[in-house]
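Student: Below you will find the structure I want to go over with you.
The values are calculated or read from the model by the stated rules, or taken from the named source; none is laboratory data. Worth saying up front: this structure is predicted, and the values here are computed from it rather than measured. Methodologically, a virtual Cβ is constructed for each residue, glycine included, from the backbone with ideal geometry; neighbour enumeration extends over all protein chains shown. For the accessible areas, the whole protein counts, side chains as well, though only heavy atoms, and no ligand, DNA or RNA atoms are used. Shrake-Rupley method; radii C 1.70, N 1.55, O 1.52, S 1.80 Å.
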Amino acid sequence: MRDPSLRRSYTLFRAFLREQTEPEHCYRLLARDAADQVERYVPLTGAVVCDVGGGSGHFTEEFRRRGAHGYLFEPDTAELTARGPAPEGAVVADGYLLPLTDGAADVCFSSNVLEHVADPQTFLSELVRVTRPGGLIYLAFTNWLSPWGGHETAPWHYLGAERARTRYRRRTGRPAKHTLGENLFAVHIGRTLRQVRARDDVAVVTARSRYAPFLAEAIPRLPGVREIATWNLLLILRRLP
Ligand SMILES: C[S@@+](CC[C@H](N)C(=O)[O-])C[C@H]1O[C@@H](n2cnc3c(N)ncnc32)[C@H](O)[C@@H]1O
């Protein structure tokens, strides 16, 4: 599906709405879409692709299906085995300290992990370290002021994280999976872009709204507006020599 396009965004959004009841359909579609985004910049056949914080491995499976050497790194064994046995070759590892030599990956891929780490800059530095010069880093995350920033408690996080959690518990009878400051962190688009652009080891290839149907590259350029309208920022970075 063409990116950006109304059809693509609509299809992804519909799948996302059914994420709870049809997770396989949702995550396979998302994985195909992300692999398409990567393939715009680099052929996947024969490439070494490291999926960091890859959960149960939907993205790694898609990369392998396209002929890449896909490696899955995930610190949480419950996530890793959420769909059954962990994918072959999966490694239990933290993104802060990957068991890889410098420059091992042609592509370092991280989808929706940055907002779950307390120190996003250190996390990114590790992705950069393991990517070869000229290789790509795919970094997508949901920022805090996105309508989905509060994850399962959204959009009530706009009224405060604690209030949103309390409401979630009252409505569902169970605690929310995410707690701000514990396993979810307030990442902002403007600050992240400034930090990434200040680095001398990566160049920004694209900074775009991951799912927007139009103006995907324009929205993240608008201070203020971008924090709400981007939904999920996709950064594709090239590792400099
Ligand atoms: C929302 S899930 C995203 C899973 C998958 N990448 C996706 O896009 O569907 C966040 C993942 O980040 C992982 N994670 C959290 N902290 C991490 C860390 N320090 N290093 C690597 N992964 C981490 C979690 O265990 C979880 O699997």
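Student: Does a label point 7 Å from the Cα of Glu217, set along Cα-to-beta-carbon, have any residues of the range 189-208 with amide nitrogen under 14 Å, and which are they?
Tutor: 204-208
Student: Which whole-Hz couplings ³J(HN,Hα) result when phi for each residue of the range 217-233 is put into the Karplus expression 6.51 cos²θ - 1.76 cosθ + 1.60, θ = phi - 60°, listed in order with x for Gly and Pro?
Tutor: These are the phi-based 3J(HN,Hα) values: 8, 6, 4, x, 8, 9, x, x, 4, 4, 5, 9, 8, 6, 6, 8, 8 Hz.
Student: Over the Cα atoms of the range 20-141, what Rg and Dmax result, in angstrom?
Tutor: 13.3, 41
Student: How charged is the neighbourhood of His151? Take every other residue with its Cβ under 10 Å from the Cβ of His151, and add Lys/Arg as +1 and Asp/Glu as -1. Working shown, then result.
Tutor: Values: positive: Lys177; negative: Glu115, Glu152.
So the environment of His151 carries a net charge of -1.
Student: Under unit Cβ charges (Lys, Arg +1; Asp, Glu -1), what dipole magnitude, rounded to 20 debye, does the range 34-178 have relative to its Cα centre?
Tutor: Values: 15 positive and 17 negative charges, 162 e Å.
The dipole magnitude comes to about 780 debye.
Student: Here's a follow-up. Keeping every protein chain present and rolling a 1.4 Å probe, give me the accessible area per residue for the chain in Å².
Tutor: Numbers: 11700 Å² over 241 residues.
Accessible area per residue, the chain: 49 Å².
Student: How big is the antiparallel share of DSSP beta bridges in the chain, given as a percent to the nearest 5? Walk me through the numbers before you get to the answer.
Tutor: Values: 13 of 29 bridges.
Taking every DSSP beta bridge with both residues in the chain, the antiparallel ones total about 45 percent.
Student: Quick one: check the C-alpha center-to-center distance for the range 166-241 versus the range 89-118, whole angstrom.
Tutor: 18 Å
Student: Would you mind calculating the gained length between Glu152 and Leu6 on full extension (0.36 nm times residue separation, minus the Cα-Cα distance), in nm to one decimal? It would help to have the intermediate numbers written out before the result.
Tutor: Details: separation 146, 0.36 × 146 = 52.56 nm, distance 2.49 nm.
Extending this stretch completely gives an extra 50.1 nm.
Student: How much of the accessible area of the chain, probe 1.4 Å, is carbon plus sulfur, in whole percent? Walk me through the intermediate numbers first.
Tutor: Numbers: 6580 of 11700 Å².
Solvent-exposed carbon and sulfur of the chain make up 56 percent of the total.
Student: Which Cα, out of His151, Ala229, His116, lies furthest along the positive dipole direction of the chain (beta carbon charges, K/R +1, D/E -1)?
Tutor: Ala229
Student: Also, I was wondering about something else. Not counting ligands, DNA or RNA, and with a 1.4 Å probe, what is Tyr27's accessible surface area in Å² rounded to the nearest 10?
Tutor: Looks like 70 Å² after rounding.
Student: Turning to a different aspect of this structure: Can you list the residues, at least 5 places off or on another chain, whose amide H is less than 5 Å from the amide H of Ala105, using H built in the peptide plane?
Tutor: Residues meeting the criterion, in which the H sits 1.01 Å from N, are Thr131, Arg132.
Student: If a/c stays under 1.5 just call it rounded; otherwise compare a/b with b/c (prolate if a/b is bigger, oblate if not). Do that for the range 1-56, with a ≥ b ≥ c from the square roots of the Cα gyration tensor eigenvalues.
Tutor: Values: a/c = 3.16, a/b = 1.33, b/c = 2.37.
Oblate.
Student: Is the range 69-135 rounded, prolate or oblate when judged by the Cα gyration tensor, a ≥ b ≥ c being the square roots of its eigenvalues, rounded requiring a/c under 1.5 and prolate requiring a/b larger than b/c? Please list the in-between numbers first.
Tutor: Details: a/c = 2.19, a/b = 1.33, b/c = 1.64.
Note, shape of the range 69-135 comes out oblate.
Student: Another one. With bins 5 Å wide starting at 0, give me the P(r) of the range 145-241 over every alpha carbon pair, in whole percents.
Tutor: In whole percents, the pair-distance histogram is 2, 13, 20, 18, 16, 13, 10, 5, 2, 1, 0.
Student: Rounded, prolate or oblate for the chain? Axes are the square roots of the Cα gyration tensor eigenvalues, ordered a ≥ b ≥ c, and the cut-off for rounded is a/c under 1.5. Don't skip to the answer; put the middle values down first.
Tutor: On the way: a/c = 1.38, a/b = 1.23, b/c = 1.12.
Cα axes put the chain in the rounded bin.
Student: Pop out the ³J(HN,Hα) list for the range 205-213 in order, Karplus 6.51 cos²θ - 1.76 cosθ + 1.60 with θ = phi - 60°, rounded to Hz; leave Gly and Pro as x.
Tutor: Running phi through 6.51 cos²θ - 1.76 cosθ + 1.60 with θ = phi - 60° gives 7, 8, 10, 9, 5, 5, 10, 4, x Hz.
Student: Tell me, what HN-Hα J-couplings in whole Hz come from the Karplus equation 6.51 cos²θ - 1.76 cosθ + 1.60 at θ = phi - 60° for each residue of the range 70-86, using x for Gly and Pro?
Tutor: Once θ is set to phi - 60°, the couplings for the range 70-86 become x, 10, 9, 10, 8, x, 9, 5, 5, 5, 4, 9, 4, 10, x, x, 4 Hz.
Student: Same structure, new question: For Gly135, list long-range residues whose amide hydrogen, built 1.01 Å from N in the peptide plane, is under 5 Å from its own amide hydrogen.
Tutor: Arg239
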